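The values are calculated or read from the model by the stated rules, or taken from the named source; none is laboratory data. Quick caveat, the model's predicted, so the values are computed rather than measured. Ideal geometry is used to build each Cβ from the backbone, glycine not excepted, and the neighbour counts take in all protein chains shown. Just so you know, the surface numbers come from the protein's heavy atoms only, side chains and all, with ligands and any DNA or RNA stripped out. Shrake-Rupley method; radii C 1.70, N 1.55, O 1.52, S 1.80 Å.
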Amino acid sequence: MSDERAQYVEILQKILTQNLPLNSFKNDIPDVKKNFFNMLFLTTFRHLAFIQETVLPRFVKKKIPQKQKILEFVLYLAITELLFLDTPDYAVLNSYVNAAKRYTDKFGANFVNAVLRNVLRDKNNLLQLPNSFFSRNFLKILKQDYSNDEIQTMQKFIPLEPALDITLKKDTSNPFTNAVILPCGTLRLPANNKVSSLPAFNDGIWWIQDVAASLAVKTLKNLTGKNVLDLCAAPGGKTAQLLDAGASVTAVDISENRLKTLSENIARLNLSQNLSVVCADALQFSSSQQFDVILIDAPCSAIGTFRRHPEIIFTKTLDDVKKQTLLQKEILEHAISLLAPQGYILYVTCSLAKSEGEKQINSFLKNHSEFEISPISIPGTENMLTKDGFLRVLPQSVVVTDYPALSGADGFFIACLKRKI
Ligand SMILES: C[S@@+](CC[C@H](N)C(=O)[O-])C[C@H]1O[C@@H](n2cnc3c(N)ncnc32)[C@H](O)[C@@H]1O
């Protein structure tokens, strides 16, 4: 166990110092260990702000010297296990003290041992203290656009395991007897790790898609026979919706690997007939035809997915938001040349930052008077409609009254724009 924990310490250090996604390490972990690895890391990120800001300052009074910085990561994982997981205390102490010895020296190991013993002594008291979940950098991003109350409400979703949302193919009967059916049609199940053991998995009649992500394609009511360009398509959740609604889709993405996943997903759903796949940079993509609809599910900071990917709370900064905003603007401008007269641009981001959503589109509309906002009407989304006619989904926008633990959604922005001429 010690070796394993030492490897996890290194992974945590890489994620937090190089701003990497947790998913990029999933192939380094043997299958039998994956469940624990995920649980440990998700729990760590869900409680890291509390550990950094409330727990550690009580027991570590001096700054840890740079050359022993790895001890911070040892402590983050060890404290998570002591306070929030079921690992026996002696095993936590043993494995992380050994990890500290491996990466530093006996003084490092003694230091970790002393801090962990103090944490353990104070455990009951620590667990009563007010929690904080967002990092300072994350708060900086959110404070640009949201009130303290809105941010506090978003925070409440961090410690909760998000529900599993499912989109069912049209004209298909629901195989999930225990699902809550949300007003927009999404089926919601309690969180579940074993997706492939869910009913009818091999029948290809459903796919996993957060309710917020599923709303974008639902803004367009009649897609039968429409020519749609899906400009940032992989892994293909929205592509599947477009095809299922009867559209012919050209799916473009810059990532060959992700497009491979898209093709596999669409094949599993038996929806490949009207699909062509192109690996290209959206900014370079050209075509002899013009499209009735262009879906831009734009590359973005992805901060709206913090419930499912809580490392984002510690790896994203305002600079990331700014960088993505520029790319989104370029993709929007390029899309105009590919759009048929009276066609639609569906612009989507899984970001909470308004510069990647409301502000981006309002500035586009200011520069392009040939476009107007197309009204959105989807059952159950009335509370998400902005005064301008966009959809702004916050984690707190989706409430399941009968099962409050099943409430929540990813943060999304959706705009449907119509070209007038
Ligand atoms: C938000 S994800 C798309 C999710 C997808 N639409 C779905 O519903 O499953 C954004 C995608 O944009 C792709 N991407 C990033 N930069 C791009 C670019 N310059 N051109 C084309 N695709 C790009 C990424 O590879 C990623 O797959």
**OP:** Select from region 118-149 the residues that are assigned to a helix (DSSP H, G or I) and touching a Leu at 6+ places or on another chain (Cβ under 7 Å) and write down the one among them that is nearest to Ser301 (Cα to Cα).
**Re:** Ile141
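Looking only at region 193-245, which residues are small (Gly, Ala, Ser) and out of contact with any strand residue (DSSP E or B) (no Cβ under 8 Å at 6 or more places or on another chain)? I'd like the intermediate steps shown before the answer.
Of the residues in region 193-245, the ones small (Gly, Ala, Ser) are 196-197, 200, 204, 212-214, 216, 225, 233-234, 236-237, 240, 245.
Within region 193-245, Ser196, Ser197, Gly204, Ala245 meet the criteria.
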Subject >> Output for region 296-309, where each listed residue is under 25 Å from Ala163 (Cβ atoms) and of a type outside the set (Gly, Ala, Ser) >> reply: Asp297, Cys300, Ile303, Thr305, Phe306, Arg307, Arg308, His309
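Got a sec? Which of Leu40, Leu20, Leu75 is over 17 Å from Phe111 (Cβ atoms) and either among the small types (Gly, Ala, Ser) or in a helix (DSSP H, G or I) (or both)?
Answer to the selection: Leu40.
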Original post:
Which condition number does Lys238 fail, the rest of (1) under 19 Å from Leu259 (Cα atoms); (2) of a type in the set (Lys, Arg); (3) away from the ligand (no atom under 14 Å from the Cβ) being met?
Top reply: (3)
Subject >> Residue list for region 391-421, filter: open to solvent by 60 Å² or more (accessible area, probe 1.4 Å) and modelled with pLDDT of 95 or more >> reply: Val399, Lys420
**OP:** Please specify each residue of region 187-222 satisfying the condition of being touching an Asp or Glu at 6+ places or on another chain (Cβ under 9 Å) and without any contact (Cβ under 8 Å) to a residue 40 or more places away in the chain.
**Re:** Leu187, Leu189, Ala191
Original post:
Among the residues of region 314-350, which ones are within 30 Å of Tyr76 (Cα to Cα) and away from the ligand (no atom under 13 Å from the Cβ)?
Top reply: Phe314, Thr315, Lys316, Thr317, Leu318, Asp319, Asp320, Val321, Lys322
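Suppose we keep only residues that are among the charged types (D, E, K, R) and within 29 Å of Met39 (Cβ to Cβ) within region 270-324. Which one would you say is farthest from the chain's Cα centre (by Cα)?
Of all residues in region 270-324, those among the charged types (D, E, K, R) come to 281, 292, 297, 307-308, 311, 316, 319-320, 322-323.
Of the ones still in play, those that are also within 29 Å of Met39 (Cβ to Cβ) are 307-308, 311, 316, 320.
Details: Arg307: 7, Arg308: 5, Glu311: 10, Lys316: 12, Asp320: 15 Å.
Across region 270-324, the extreme among qualifying residues is Asp320.
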Original post:
Failed condition for Gln155, given (1) touching a Phe, Trp or Tyr at 6+ places or on another chain (Cβ under 7 Å); (2) open to solvent by 30 Å² or more (accessible area, probe 1.4 Å); (3) not β-branched (Val, Ile, Thr), with all others met?
Top reply: (2)
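Table: residues versus (1) at pLDDT 95 or above; (2) loosely packed, with under 15 Cβ neighbours inside 10 Å; (3) over 26 Å from the mean Cα position of the chain (by Cα).
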{"site": "Leu16", "(1), (2), (3)": "yes, no, no"}
{"site": "Asn19", "(1), (2), (3)": "yes, yes, no"}
{"site": "Phe37", "(1), (2), (3)": "yes, no, no"}
{"site": "Thr44", "(1), (2), (3)": "yes, no, no"}
{"site": "His47", "(1), (2), (3)": "yes, no, no"}
{"site": "Leu56", "(1), (2), (3)": "yes, no, yes"}
{"site": "Lys63", "(1), (2), (3)": "no, yes, yes"}
{"site": "Leu77", "(1), (2), (3)": "yes, no, no"}
Original post:
When you go through (1) within 11 Å of the ligand (Cβ to nearest atom); (2) closer than 29 Å to Ile373 by Cα; (3) buried (at least 16 other Cβ atoms within 10 Å of the Cβ) one by one for Lys226, which number turns out not to apply?
Top reply: (1)
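Suppose we filter Asn257, Asn265, Asn274 for residues that are more than 12 Å from the ligand (Cβ to nearest atom), of a type outside the set (D, E, K, R) and at pLDDT 95 or above; which single one remains?
On the way: Asn257 fails: more than 12 Å from the ligand (Cβ to nearest atom); Asn265 fails: more than 12 Å from the ligand (Cβ to nearest atom).
The conditions single out Asn274.
If only one of Tyr96, Tyr90 is open to solvent by 30 Å² or more (accessible area, probe 1.4 Å), in a helix (DSSP H, G or I) and assigned by TED's automatic domain parsing to the domain that holds Lys61, which one is it? Working first, answer last.
Details: Tyr96 fails: open to solvent by 30 Å² or more (accessible area, probe 1.4 Å).
Being open to solvent by 30 Å² or more (accessible area, probe 1.4 Å), in a helix (DSSP H, G or I) and assigned by TED's automatic domain parsing to the domain that holds Lys61 holds for just one of Tyr96, Tyr90, which is Tyr90.
Can we say Thr305 is within 14 Å of the ligand (Cβ to nearest atom) and under 23 Å from Gln209 (Cα atoms)?
Values: within 14 Å of the ligand (Cβ to nearest atom): yes; under 23 Å from Gln209 (Cα atoms): yes.
Taking the combined requirement at face value, the residue satisfies it.
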Subject >> Looking only at region 124-148, and only at residues there that are surrounded by fewer than 14 Cβ atoms within 10 Å (Cβ to Cβ) and closer than 14 Å to Phe50 by Cα, the one that is modelled with the lowest pLDDT >> reply: Pro130
Original post:
Pairs, please: C-beta under 6 Å, at least 6 apart or cross-chain, first residue under 18 Å from Asn131 (Cα atoms) and in region 65-92, second not in a helix (DSSP H, G or I)?
Top reply: Glu81/Thr87
